[in-house]
Ligand SMILES: [Cu+2]
């Protein structure tokens, strides 16, 4: 996205330069310098966004559009889902020296035979850990999950803020399944980002509502006023297994039970994590190791909502009301 923006700017600057040269041969200058000022302002605004840690991330079916390079520090994904299917954008750091090519060759494809085994009943949930350990090289299970933006319904927008404290090679991924069961990851929704050693200028957001996630569940306010709200989400404990907790926000319409949503949240179920989702998701905070926290900014209309994790969704969830 940034690259596209920058190349657009270069093109605009080049064109305006040509125009200025062209015009100067005629009469002139006042409007030309205004145009040049405007372009400078646009360029500065763009740089300011990068420095403020604000990153435009969009998804389509089936790509993640995001910059190729980011700075360290508090990072806000301003996430828009332009696709027709539900998507999310999780972010994790690969073990030193590994890249998207290694992930696509040695890690991502392993989830196909795993899912097939589960679907046919040849593998049970208890076999998943050992299966992954047998089939994925050690580095492939040692990624560091730093956050990202949670599940988001088609056509919707949301914002999630999290802290990146280490430089390195990161991947952005959406592993929702398409209606035919194919992983979005393998359909093109894996994107590499290099985080440099530079720090951005972003400051930590201020939150009005605190939410925490632990092995005993979600602790969150029961009633929230309508309007634009910022939630601080803290991951207090680490679940068993190789995935830390995430927390997604969905609007309930009374037609779907929490059990059904929880069943959908579990990708190890053949129908789980498969588009379309049973509810409209509004974003959230992606997987993040315990001891860390992030923020979710959303516009809420009156109604009933649920916070729900992908990990242990049956118990790590909580409904609340917006008035
Ligand atoms: Cu997706």
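The values are calculated or read from the model by the stated rules, or taken from the named source; none is laboratory data. For clarity, every value in this text was computed on a predicted model and none was experimentally measured. Cβ atoms come from the backbone with ideal geometry, glycine included; neighbour counts cover every protein chain shown.
Just the residues that are without any contact (Cβ under 8 Å) to a residue 12 or more places away in the chain and closer than 19 Å to residue 271 by Cα, please, taken from region 108-134. Correct list: 116, 120, 121, 122, 123, 124, 126, 127.
Restricting the search to strands (runs of 3 or more DSSP E) fully inside region 214-293 and requiring at least 3 residues that are closer than 23 Å to residue 76 by Cβ and under 20 Å from the mean Cα position of the chain (by Cα) gives 227-235, 247-252, 280-285.
Only a single criterion out of (1) more than 16 Å from the ligand (Cβ to nearest atom); (2) buried (at least 16 other Cβ atoms within 10 Å of the Cβ); (3) farther than 16 Å from residue 137 by Cβ is not satisfied by residue 116, namely (2). Every test in (1) within 16 Å of the ligand (Cβ to nearest atom); (2) over 23 Å from residue 213 (Cα atoms); (3) assigned to a loop (DSSP other than H, G, I, E, B) is passed by residue 95 save one, and that test is (1). Of all residues in region 99-110, none are part of a strand (DSSP E or B), surrounded by 18 or more Cβ atoms within 10 Å (Cβ to Cβ) and away from the ligand (no atom under 16 Å from the Cβ).
When the residues of region 60-78 are filtered to those that are within 12 Å of the ligand (Cβ to nearest atom) and either part of a strand (DSSP E or B) or outside the structural domain of residue 292 (by TED's automatic domain parsing) (or both), the one that is nearest to residue 278 (Cα to Cα) is 60.
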